[in-house]
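Only one structure is covered here, and it is reproduced in the block below.
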Amino acid sequence: MVGRRGLAVFGLGAVAVLTAACGGTGSGGTAAPRTLVVDASFQLKTADPARQFEPTAQTVLYPVYETLVTYKGSDVRTAVAGVAELPKVEDGYRKFTFTLRDGVKFSDGTPMTAKDVVYTFERIAGLKGNPSFLLDGVSAKAADDRTVVLTTKAADSGLMAKLSNPALGIENSAAVEKAGGTKDAETDKAEAEFAKASYGSGPYKITKFDAASEVVLERNGAYWGPKSAYDKIVVRNVQANVQQLNVTQGSSQLVLDLRPDQTGSLGGNVTVTKTAAADVAFLLVNDDPAVSATTSNKDFQEAVRYGVDYTALLDLVGEGAVQPGGVVPSMFSGALPAADGAKRDLARAKAALARSGVANPSVRLNYASDLTYKGVQMGDVAARIQQNLKEVGIDVRLDGKPVTTSLDSYRAGKDELSLQWWGPDYNHPNDYLLFTPGQLVGLRAGWKDKAAPEVTALARKAETADDASRDAAFQALQKAMNAEGPFIPLFQPSAVLAGAKELGTLDYNTLWTVDLTALD
């Protein structure tokens, strides 16, 4: 994760924009146009779905580019039809056959065909942008105008979750090609055009895209599905403290970046949702003796695991935060209950340290000193861990770095201790197989292939589990990881949504934050 940036202030002058936002009638008794104004702290670079992977992009492009399948509200376990019906799955999660739904058309009125799906996926893979890994090993073929067959090199039970990512929204192939789009990063010239026009089939079109200040969406008059409540959606780049003022005074109707402690004074006209975010903060204790003979000692790892005060960390992070039972976040299939997570046991931690044989241990903790994410300052968390482990008898030397430097050190696998975040790439527990021995994140912790054969065997079983057995398979895997792995899940921070009461229920989604098309 990266820190919030690109801040702009909007105050009471915006009220005039919202005179028709809550409905009412215009002259002659006709319904006045409705505008929804949303404040967010932007993490946004591009309007091109094939190149984006930032949180704000997911929020603003979800209403514009529809995917083959999707998820509703806060449910991230049960896929539903998008522009296609749910697929026929064959060959042990290696073949997926999708049928496009009747009447789907792009914003220019062009009917969507299987050719557009194939073009979209081949362009994403060819551009090799941030979301291209979602289609690694996937081949797409149009069986006829309405039928798309996806095949994978290896079994992929998480494919439908990947396909729901707004980065894989289906593009109007003819229009994108006319705008300079190709399937090659060297020759593609369409990125700038995505900020000026819409090539999707969603209920809204982009009419303004300024990655530093504002994105404006207007209703797609050619939309093939039910009409959304608002004629226009304006998403503005606003500091969190100004968001608090704006939603209280009514100059914005929805804000996305408040801390839990900012919600107490919002007043009775504002609805607040506080729930656990899908991001998991974790402590890495390096398992590689070449990096540290101390942290690779299994008894030392146990001392750290039971020396951390998890309850105090939740108090620090704020209302709505939870302790995950394992590396898989609490709302995903396969998650362990919080009760299965480690609990502070100072006597056990001290006994484990004594068994380790390490006298007067002193280790360095890498963290991003300039990172505040969802209201959590990593420096505060690091200091609390330092204090906790001092009581065990472990000297933790804080090694705060700028976020990019901290990430470089962590990714190189050279940290003794490392305090990091993991946000889901897609809504499926398969994304967390990367924490197992020999895999991407496992190697960052020095957890090499064959280091834990039992864990590796459980990971392979979980990877190929069907819907009926997936929960049990991933829970067994995480219990084994908790017992002998180098990762200590700490907390999931609170995700706070605050909005005007007339918006109705505010459902947090782990990828696009909130479905702007579903608000009343």
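The values are calculated or read from the model by the stated rules, or taken from the named source; none is laboratory data. Predicted model, so just to flag it, every value in this text is computed and none were measured. Every residue, glycine among them, receives a Cβ derived from its backbone with ideal geometry; neighbour counts consider all protein chains shown. SASA here: full protein model, heavy atoms, side chains in, ligands and nucleic acids out. Shrake-Rupley method; radii C 1.70, N 1.55, O 1.52, S 1.80 Å.
Some points to look at:
- Candidate set: segment 74-93, residues that are hydrophobic (A, V, I, L, M, F, W, C) and open to solvent by 50 Å² or more (accessible area, probe 1.4 Å); chosen: the one nearest to Tyr508 (Cα to Cα): Leu86
- Pick from segment 211-223, criterion in a loop (DSSP other than H, G, I, E, B) and aliphatic (A, V, I, L, M), ranking: farthest from Arg51 (Cα to Cα): Ala222
- Criterion (assigned to a loop (DSSP other than H, G, I, E, B), open to solvent by less than 20 Å² (accessible area, probe 1.4 Å) and more than 23 Å from Leu44 (Cβ to Cβ)) met by exactly one of Gly446, Gly438, Gly442: Gly446
- Sole residue being closer than 30 Å to Ala347 by Cβ, hydrophobic (A, V, I, L, M, F, W, C) and open to solvent by less than 10 Å² (accessible area, probe 1.4 Å), chosen from Val291, Val255, Val304: Val304
- Scanning segment 53-64 for residues that are open to solvent by less than 10 Å² (accessible area, probe 1.4 Å), touching a helix residue (DSSP H, G or I) at 6+ places or on another chain (Cβ under 6 Å) and part of a loop (DSSP other than H, G, I, E, B) returns a single hit, Pro63.
- Scanning segment 399-415 for residues that are part of a helix (DSSP H, G or I) and among the hydrophobic types (A, V, I, L, M, F, W, C) turns up at least one hit.
- Residue among Gly334, Gly325, Gly320 that alone is modelled with pLDDT of 95 or more, within 24 Å of Asp380 (Cα to Cα) and small (Gly, Ala, Ser): Gly325
- Every test in (1) open to solvent by less than 40 Å² (accessible area, probe 1.4 Å); (2) closer than 30 Å to Gly158 by Cβ; (3) out of contact with any Phe, Trp or Tyr (no Cβ under 7 Å at 6 or more places or on another chain) is passed by Val327 save one, and that test is (3).
- Within segment 449-491, the set of residues being part of a loop (DSSP other than H, G, I, E, B) and either among the small types (Gly, Ala, Ser) or open to solvent by 10 Å² or more (accessible area, probe 1.4 Å) (or both) comprises Asp449, Lys450, Ala451, Ala452, Thr464, Ala465, Asp466, Asp467, Ala468, Ser469, Gly485.
- The number of residues in segment 263-287 being surrounded by fewer than 20 Cβ atoms within 10 Å (Cβ to Cβ) and either more than 30 Å from the chain's Cα centre (by Cα) or over 26 Å from His428 (Cβ atoms) (or both) comes to 8.
- Comparison of Lys178, Lys141 shows that the only residue that is among the basic types (Lys, Arg) and either in contact (Cβ under 8 Å) with a residue 40 or more places away in the chain or over 23 Å from Thr46 (Cβ atoms) (or both) is Lys141.
- Scanning segment 224-238 for residues that are open to solvent by 20 Å² or more (accessible area, probe 1.4 Å) and assigned to a loop (DSSP other than H, G, I, E, B) yields Trp224, Gly225, Pro226, Lys227, Ala229, Asp231.
- The C-beta contact set for segment 79-106 (first residue within 17 Å of Leu168 (Cα to Cα), second residue assigned to a loop (DSSP other than H, G, I, E, B) and basic (Lys, Arg), distance under 8 angstrom, 6+ apart or interchain) comprises Val80/Lys72; Ala81/Arg101; Val83/Arg101; Ala84/Arg101; Glu85/Arg101; Thr99/Arg146; Leu100/Arg146.
Each row is one residue, and each column tells you yes or no for (1) within 30 Å of Ala462 (Cα to Cα); (2) in contact with a Phe, Trp or Tyr (Cβ under 7 Å, 6 or more places away or on another chain).
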{"site": "Ala335", "(1), (2)": "yes, no"}
{"site": "Ala342", "(1), (2)": "yes, yes"}
{"site": "Ala351", "(1), (2)": "no, no"}
{"site": "Val363", "(1), (2)": "no, no"}
{"site": "Val381", "(1), (2)": "no, no"}
{"site": "Gln387", "(1), (2)": "no, no"}
{"site": "Arg397", "(1), (2)": "no, no"}
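- The set of residues in segment 492-520 that are assigned to a strand (DSSP E or B) and on the phi > 0 side of the Ramachandran plot contains only Thr513.
- Residues of segment 95-130 classified as under 26 Å from the mean Cα position of the chain (by Cα) and among the aliphatic types (A, V, I, L, M), total: 5
- Wholly enclosed strands (runs of 3 or more DSSP E) of segment 94-195 bearing at least 3 residues open to solvent by less than 40 Å² (accessible area, probe 1.4 Å) and modelled with pLDDT of 95 or more: 95-99, 147-152
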